[in-house]
Amino acid sequence: SGWLRGPGFDLGFSFGVLALALLLGGAAALEPDLFNAVLFVDVWFLAYPHVASTFTRIAFDRESARANRFLLFGVPPLVLLATAGTAWLGGAALLNTVYFYWQSFHYTRQSQGIARAYRRTAGGAEGRDWLTDGVVLAFPVWGVLHRAAQQQSTFFGAPFWSPAVPREVVALAGAAAILMFAAWTWRQAGALRRGETRALGTTLFVASHVAITVVSYLVLAEITRGWLFINIWHNAQYVLFVWAANAR
């Protein structure tokens, strides 16, 4: 069908979640006094359920728990040691920096995985859709390079470090992302004109990914407020995606 679950669910998944992120993030950006309240809602109602929902995929029954024993019992101590080691070696600045860039990678990988799930539901041919993967990757790369070029010294009020990236590199990354998106849009529009409605789910999802990435990394000048937009989007999206997978 090209839908993860159905038109109603998928429209909410692509644009309902985007609207939620824009509404809450916009409130925090326009009224700084609301930032902590919006962050509280994000963490308690979206981020923690996002983490918890992962365990419904790898530890929901005994067979899953046995198959994912290392993820359940081996990875958490390793993450704790890595986090403590990072903080000990570089303090808050290194921890903050690793968190921002790792999260940016994590957001992108999730979007890439969901785009591929859409491709499978649409009966896509074997192999990768390099153009869709390129669009999903290109905009976060552009955004991260833009953040690095800004050389902001704090993130969440703590020290933050970015590599010095020339503005020319950011411009080249932006041009590549825009050209790739134009080619992708032309291809998707052509498929829809030909009546290939199975392409609609992928088209809407990737468009929402591009929109939130542009807002979070390129439109918002301040790094912490920009991060809040995409974090809300990412958390809410994952909870819904796992719910749909479990419902199936």
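Observations on the model:
- Alpha-carbon gyration tensor eigenvalues x 5, square-rooted, for the range 72-117, Å: 25, 16, 4
- Global geometry of the range 123-205, whether rounded, prolate or oblate, following the gyration tensor of its Cα atoms and the 1.5 cut on a/c: prolate
- When a 1.4 Å probe is rolled over the protein heavy atoms, the share of accessible surface on the chain that falls to carbon and sulfur comes to 70 percent.
- Relative packing of peptides 8-16, 239-247 - highest average C-beta neighbours within 10 Å first: 8-16, 239-247
- When Rg and the Kirkwood Rh are both derived from Cα coordinates, the Rg/Rh ratio for the chain amounts to 0.97.
- Computed over the range 202-248, the Cα gyration tensor eigenvalues convert (square root of 5λ each) into semi-axes of 24, 13, 4 Å, ordered from largest to smallest.
- In a reduced charge model with +1 at each Lys and Arg Cβ and -1 at each Asp and Glu Cβ, the chain shows a dipole moment near 740 debye about its Cα centre.
- Placed amide H near Phe155: partners under 5 Å, 5+ positions off or other chain: Phe160
- Accessible surface, per residue, of the chain when the full set of protein chains is kept, probe 1.4 Å, Å²: 53 Å²
- Where only DSSP H runs of four or more residues are counted, the chain gives -24500 deg cm²/dmol as its mean residue ellipticity at 222 nm, each run worth -39500 (n - 2.57).
- Packing around the peptides 133-139, 30-36, taken as the average count of other Cβ atoms within 10 Å per residue, puts them in this order, highest first: 133-139, 30-36.
- Its Cα gyration tensor gives the range 1-123 an equivalent ellipsoid, and the semi-axes of that ellipsoid, as √(5λ) in whole Å with the largest first, are 28, 26, 14.
- Packing around the peptides 154-166, 102-114, taken as the average count of other Cβ atoms within 10 Å per residue, puts them in this order, highest first: 102-114, 154-166.
The values are calculated or read from the model by the stated rules, or taken from the named source; none is laboratory data. Please read all numbers here as calculations on a predicted model, not as lab measurements. Note: ideal-geometry Cβ built from the backbone for every residue, glycine included; neighbour counts use all protein chains shown. Each accessible area value is taken on the protein alone, full model and side chains, heavy atoms only, with ligands, DNA and RNA left out. Shrake-Rupley method; radii C 1.70, N 1.55, O 1.52, S 1.80 Å.
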